[in-house]
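> Dropping a structure here in C-alpha cells format, bear with me for questions.
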Amino acid sequence: MVAGLLPENVTSFGGQIDWVFTLIFYVVGFFFVVAEILLVYFALHYRRGRVKHAIYSRGAKLREAAWVLIPAAVVLIFDLAIDAAGHRAWALVKENPPQAELEVKVTAKQFNWNFTYPGKDGKLGGANDLTFENELHVPVGKVVRVVLNSEDVIHSFWVPNFRLKQDVVPGRRIVAWFKATKTGSYEIACSELCGFGHYSMRGVVIVQSESDYARWRAEALAGGAK
Ligand SMILES: [Cu+2]
C-alpha cells in the first residue's frame, strides 16, 4: 500500500528502502489509530457527571507503574525492529558499495547540476573531460558512482525514483552510487534550500539501454551530443 504511494522505484537498493518506509508507516499508523480510539473513548466514558472523583496515582506500586512501563517496552521493541531494518538498508547503500562501472563527477552550484564524464582518455580529471548541464546519462543495469562536489553552498542530490538523497557539501567530496533497473527519464531535484533559485535547481537522469548509452557517448565524444 505504501509503495503504491511512492514514485516508482527503479534502483537495485530501492526495495530495501521502501521496506523501511512501509515498516515505519504501519508501526506508527497502528499506534496512531490505537491512541486516537482511546482518546475518544476516554473523553466520552469519563465525561463530566459520569465519574465523581479522579484518582491521584504516583505509580509507586509496580501494578501502577506497569501502565507506563509495559507500553514503553512495547514501543522500544518496535523501535529496535525499525533500527534493524534501517541498518540493513544503510549497510547496503552506504557501507559496501559495489565496484563501479562508470564514474561521473557531479558539481552542484546555485542553481544547476553539472555532470562531468571522462573524455577520450577514459579518466576523470583530464583536460578533455565532458561536462553537461542538468542532464545525466547512464546505462541501465550498471553500477554508477557519482562523486558529489559543491561550488558554493550546501545542496542535496535527490533522485526520488532512485531512493537516493545525499547532501552535497562545499569542501567535501562525497561518493554515492546506484544501479538503475529500468530505462526512462527521472527527475533530479535539489532537496536542500540553497538560495532564491532553489526551486529551479532541477535536472534529469536519463537511463538508457547499453546501446543507446554507447551511441550517446560516441556522439558526445565527437562533440555532437548535448
Ligand atoms: Cu541546491
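The values are calculated or read from the model by the stated rules, or taken from the named source; none is laboratory data. Keep in mind that this is a model prediction, so the values were computed, not measured. Note that each Cβ is placed from the backbone with ideal geometry, even for glycine, and that neighbours are counted across all protein chains shown.
> Strands (runs of 3 or more DSSP E) wholly in region 109-226 with at least 3 residues that are in contact with a helix residue (DSSP H, G or I) (Cβ under 6 Å, 6 or more places away or on another chain) - which ones?
It comes to none.
> Among LEU164, LEU193, which is aliphatic (A, V, I, L, M) and surrounded by 17 or more Cβ atoms within 10 Å (Cβ to Cβ)?
None of the other options fit; the residue is LEU164.
> Which residues, counting only those in region 95-108, are of a type in the set (Val, Ile, Thr) and either away from the ligand (no atom under 16 Å from the Cβ) or not in a strand (DSSP E or B) (or both)?
Selection gives VAL104 alone.
> Right, here's the next one. What's the number of the only condition in (1) out of contact with any Ser or Thr (no Cβ under 6 Å at 6 or more places or on another chain); (2) away from the ligand (no atom under 16 Å from the Cβ); (3) acidic (Asp, Glu) that ASP129 fails to meet?
(1)
> Here is a further query. Go through (1) touching a strand residue (DSSP E or B) at 6+ places or on another chain (Cβ under 7 Å); (2) within 16 Å of the ligand (Cβ to nearest atom) for LYS142 and report which single condition fails.
For LYS142, the exception is condition (2).
> From the list ALA108, ALA81, ALA91, exactly one residue is outside the structural domain of GLY14 (by TED's automatic domain parsing) and either closer than 30 Å to PHE178 by Cβ or modelled with pLDDT under 90 (or both). Which is it?
That would be ALA108, the only listed residue that is outside the structural domain of GLY14 (by TED's automatic domain parsing) and either closer than 30 Å to PHE178 by Cβ or modelled with pLDDT under 90 (or both).
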